Structures are given as C-alpha cells and as structure tokens.
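Have a look at the structure below, then the notes.
The values are calculated or read from the model by the stated rules, or taken from the named source; none is laboratory data. None of the values given here were measured: they were computed from a predicted structure. With ideal geometry, Cβ positions are generated from the backbone for all residues, glycine too; neighbour counts draw on all protein chains shown. The accessibility values were calculated without ligands, DNA or RNA, using every heavy atom of the protein model including side chains. Shrake-Rupley method; radii C 1.70, N 1.55, O 1.52, S 1.80 Å.
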Amino acid sequence: MKDPLNARSILRSYGIAPKKKMGQNFIVRRSALDQVMHAAQVDSQERVIEIGSGVGALTIELAKRASFIHAIEMDGQLIPILRDMLVGYENVNIIQADFLRLDLEDLLAQPSYCVVANIPYQITSAVIRKIVGAPFPAERVVLTIQREVAERVIAAPGDLSLLAISVQIFGEPSIHSHIAPEAFYPQPKVDSSVLHIEMFSEPRVPLMEVDHFFRIAKAGFSQKRKKLRNALAAGLHIPASEVESIMEGIGLSPALRAQALSVDQWLDLSGAFRGVV
C-alpha cells in the first residue's frame with residue numbers, strides 16, 4: 001500500500017496534478033496529521049463527516065478509530081485514488097459531491113456525529129456556516145484552515161466579525177494548534193491552524209429566531225466603518241433616530257461599531273428589534 005502521506009508520489013502515479021483552482025493542499029507530515037487527530041478525539045462509537053478527503057491520509061486515520069466515515073470529496077479524479085487507498089476499510093462511505101451543495105439531512109439520520117476536515121481556504125467561511133447551521137448539530141467540529149481565518153473565528157469584542165458571531169452563536173471555538181506550510185503539498189503561502197469548535201446542544205438563539213438574528217447582524221456588519229446606528233439604519237431601511245432609540249434602550253451607545261459588541265450584546269440587540277423589522 002502506498003504511503004498516504006506521500007501525496008506527490010500518489011498523484012503522479014495516477015497522472016494527476018493538484019488543482020490550484022480547487023485549493024488543494026494535501027497533508028504530508030505525520031506531525032500535522034497527529035495534531036488534527038488529537039484535536040478530533042474520535043472514538044469507536046462515533047460517526048464522522050470528513051470534507052475534502054483528498055488521497056485519504058486523514059480518512060485512513062479516522063477509519064481506524066471511528067464507527068463510520070462519510071468521506072466527501074468533490075474532485076472526481078481523486079475518487080479512484082480514495083477507493084484504492086481505502087481497500088479493506090468497510091466503515092467508509094466515499095461520496096463524490098460539492099459539500100456546499102450537499103443535502104446534509106440525508107447523512108444525519110442519526111444525531112451523534114463530528115466533522116473533521118482539511119478544507120480549501122477560499123471556501124472556509126461558507127463551509128463553516130453550513131456546518132454550524134446544519135439541521136442536526138455536530139458534537140464538535142475540527143477544521144484545518146488558514147491561521148488568519150481561525151483567529152477571526154475566535155475573536156473577542158473589538159475584533160468580532162460576522163463569521164465569528166456565526167460560529168460563536170452555535171459553539172465554543174478554540175485554536176488547538178498551528179501547522180507550518182511545509183506540512184502540505186503543494187505548500188500554501190500562509191500558516192494553517194487546527195480549529196476546534198465544541199458545539200452547543202442548542203444555539204444561543206432560539207431556532208425560530210436565527211434568521212431574524214442574522215438579519216440584524218448582517219445589517220450591522222454591512223458597513224463596518226460606519227457607526228452601528230447608521231449601518232443598521234441603512235441595512236434595515238429604518239430611520240437612524242429609531243435605531244438610536246432602540247440601542248439606547250438596551251444600554252448601547254449609538255456611536256459603537258459592529259465589531260465592538262459582544263455576542264451577548266448582539267443577542268440583546270436582536271431581541272430589541274423583534275417586532276420592529
């Protein structure tokens with residue numbers, strides 16, 4: 001069996017080159033693979049959804065430990081490689097699909113699962129939002145992503161972004177470790193991080209109010225350089241004076257900017273706009 005960490009050799013043997021447009025960076029160092037597995041803490045009773053299985057290095061490690069793996073890979077050229085690399089692992093279901101277009105309900109008939117993935121940098125935000133907003137939440141999510149993005153996800157008030165709020169409403173994010181570019185083939189130009197999200201059993205926003213919450217948050221972050229009063233007024237199409245009154249009513253200065261609020265303050269703000277928009 002080929003060494004799953006020797007991605008360069010494996011791809012060449014199949015006459016395939018990494019696809020830059022798909023953001024393919026394969027893990028090629030055991031130390032990096034060990035960091036991901038240590039963060040995942042997968043046990044023999046768990047089901048795993050893996051996004052971007054590549055040539056199977058991470059898939060194999062997961063299959064050794066987990067009850068069952070849904071290995072999702074978009075690149076059809078890699079599917080024969082995965083099938084060859086995973087011969088003998090009967091607990092892996094290889095799915096050729098674009099994760100962002102995949103109906104997760106078909107995979108989540110049973111409620112207990114975790115997500116582990118080494119995902120392309122350019123779709124990180126979209127993948128995270130889809131995972132945390134899934135109809136049945138994962139118990140935890142472990143993602144190898146660009147370090148800068150991981151640091152945005154765990155940001156505190158003052159540096160909050162819509163992405164950070166989108167995660168922190170659904171779970172508790174932390175950075176498990178960092179990975180140097182040399183651990184991947186081809187090498188990315190930036191450092192990566194292993195992001196761990198311990199998901200809440202229920203989001204901090206009642207499910208029936210999630211859409212309303214994000215309508216308010218998106219309006220607030222739509223013009224981050226403006227004062228929140230003005231950004232909300234423009235985004236929600238209501239007078240700035242009305243926004244100012246609502247903000248002052250819950251103890252928020254209208255002069256604040258979106259990134260300055262805590263998640264709790266965003267929750268209060270969303271509640272204050274209930275019935276208004």
Exercise. Scan the stretch 148-160 residue by residue and report those that are surrounded by fewer than 19 Cβ atoms within 10 Å (Cβ to Cβ) and under 24 Å from residue 48 (Cβ atoms).
Key: 154
Quiz item: Given (1) more than 25 Å from residue 32 (Cα to Cα); (2) open to solvent by 70 Å² or more (accessible area, probe 1.4 Å); (3) not in a loop (DSSP other than H, G, I, E, B), where does residue 166 come up short, assuming only one miss?
Solution: (2)
Practice problem: Determine which member of the set 197, 169, 131 is under 25 Å from residue 261 (Cα atoms), in contact with an Asp or Glu (Cβ under 9 Å, 6 or more places away or on another chain) and among the β-branched types (Val, Ile, Thr). | Solution: 197
Quiz item: Do we find a residue being within 30 Å of residue 144 (Cα to Cα) and outside any loop (DSSP other than H, G, I, E, B) anywhere in the stretch 200-209?
Solution: yes
Self-check item: Failed criterion for residue 192 (all others in (1) surrounded by fewer than 19 Cβ atoms within 10 Å (Cβ to Cβ); (2) closer than 30 Å to residue 43 by Cβ; (3) among the hydroxyl-bearing types (Ser, Thr, Tyr) hold)
Solution: (1)
Quiz item: Quick one: what pairs do we get from the stretch 214-230, first residue assigned to a loop (DSSP other than H, G, I, E, B), second modelled with pLDDT under 95 and open to solvent by less than 20 Å² (accessible area, probe 1.4 Å), C-beta under 8 Å, 6+ apart or different chains?
Solution: 227/254
Quiz item: Where in the stretch 33-119 are there strands (runs of 3 or more DSSP E), lying fully within it, with 1 or more residues that are free of Cβ contacts under 8 Å to residues at least 40 places away in the same chain and surrounded by 13 or more Cβ atoms within 10 Å (Cβ to Cβ)?
Solution: 68-73, 92-96
Exercise. Please work out which one of (1) surrounded by 14 or more Cβ atoms within 10 Å (Cβ to Cβ); (2) modelled with pLDDT of 95 or more; (3) of a type outside the set (D, E, K, R) is the condition residue 210 fails and give its number.
Key: (2)
Practice problem: State whether the residues of the stretch 217-224 include one that is at positive phi and either of a type outside the set (D, E, K, R) or open to solvent by less than 60 Å² (accessible area, probe 1.4 Å) (or both). | Solution: no
Quiz prompt | residue 276 farther than 30 Å from residue 35 by Cβ and surrounded by 15 or more Cβ atoms within 10 Å (Cβ to Cβ) | solution = no
Exercise. Name the single residue, out of those in the stretch 231-264 being of a type in the set (S, T, N, Q) and in contact (Cβ under 8 Å) with a residue 40 or more places away in the chain, that is surrounded by the most Cβ atoms within 10 Å (Cβ to Cβ).
Key: 259
